[in-house]
Structures are given as structure tokens and as C-alpha cells.
1. Label point 7 Å out from residue 152 along Cα-to-Cβ: which residues of region 86-101 have amide N under 17 Å?
2. Over region 12-229, what is the percentage of antiparallel beta bridges among all DSSP beta bridges, to the nearest 5?
3. Counting every Cα pair in region 95-216, what percent are over 22 Å apart?
4. Computed over the Cα atoms, what is the radius of gyration of region 144-202 divided by 2.2 N^0.38 Å, N being its residue count?
5. For region 12-229, compute Rg over Rh where Rg is the Cα radius of gyration and Rh is the Kirkwood radius from the inverse mean 1/r over Cα pairs.
6. Share of Cα-Cα pairs in region 79-159 beyond 18 Å, in percent?
7. What's the exposure ranking of 140, 21, going from fewest to most Cβ atoms within 10 Å?
């Protein structure tokens, strides 16, 4: 068996792809960035144990694919209403350097570098916001970030999410829109993800690659013969 770009099991379909799409949490990054962020907020005095427990509950629901991601995103966005976007960018850069960088998978770095060396288009496709994803994209040299977008007016958050949310079928819609802008179809794309919640996009790309999968996604990947990688 030949080895994959991230150190796992590849397919000839992967080598033919023109585009490599990457989920962020538990794929490029070993854990959930939401968990890392609330821990950072607790350290700087912006969150308490109740906030940590709430995020832990959300992540448990996410793991089992039963989370109401849209409702949670709207609730979180509402809490940011009136806050400065510039302050959020600065805070997330500090958080990224201190908390996220140590959690970026070495195998993910190698996989992204290999796709770049092969001349492929790369993009992060994540349910997180640009404030979490863009620092990682910049470090890895990934030019495109598809994410959940928060509405901003006059430099401040309005408390609203701009549809579609980058989750479930929303990832398909946003990826197709990127394809129209830069010139590719989903059949020409590989997508790396860990989660059953990403099954819609995994089913639509030419080469689904399962990374550190949850139990449900691992079972489906084995049934369908999809590559499974450990990063």
C-alpha cells in the first residue's frame, strides 16, 4: 500500500485532484479551536467555569453529530454585538500564537506542503470564523478560507451571522462558489475531515479523505473504501 500525503493511505484519485480542501478542528488542528479559545478567555479573565462547561457540552454534541450548529452560532454571534472587529482580530492573533500553534498537526503541515508542491489550490473549509481560521491559513500558506461569517457594520459586530453558515450543506454551497471564482469543480477536489457532520461535502468531492475520524465517520469510510489517515 502506498503512502498518502499526510502519511496515511492515498488513492490515484487524490493524485489527480486539482484542489485540496481542509477542515480545521481535529483535522489541521488536533483539537477543537472553540475549546482552546474558551480556555484562553478563562486565562485572561473573560470566561468562567460555566463557559468552559458550555463549550464542552457543545463539543460533545458535535462529536456525535447531533449539534444544532446554526442555533449555537446565532447565540454566540449575538453575544458579540457591538464589539470591535479590530479588537477581535488582535485577540485571536495572540490566542493563535499561544494556544493554537502547538496543536497544529505535523502531518497536516506535510500534507498542505505536498499539495502546494504539486501545484494544487488549497482552502480551509471550517465552521469556525475567519478570526480563528485566517491565522492558521496564513501560517500554512493556504490562500482561501471558507468559514462562518459574522456581520460587521462600521467596524463593530452586529450580532448576526451571514448565511449560509459554513456547516453541513453550507460547506457545499460555499465551496461551489469558490470553485466558480477560481475555476474548479467539486469532482476535482479532495476534502480532508474528521467529522460525520462533514459527510455532505465528503460525498460531493472527487476524493474524500477521512482524518482522525469519529466512530460514525470511520464506519462509513470503511464501508465506502475512503482513505483513512491518522494525523
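1. 86-96, by backbone N distance to the label point.
2. Working: 6 of 25 bridges.
The antiparallel proportion sits near 25 percent.
3. 38 percent
4. In units of the 2.2 N^0.38 Å rule of thumb, it is 1.28.
5. Using Cα coordinates only, the ratio equals 0.95.
6. 48 percent
7. Details: 140 19, 21 29.
By the 10 Å Cβ count, ascending, the order reads 140, 21.
Coordinate-derived values only; no laboratory data. Model, not experiment: these values are computed from the prediction. Virtual Cβ from ideal backbone geometry, glycine too; neighbours counted across all protein chains shown.
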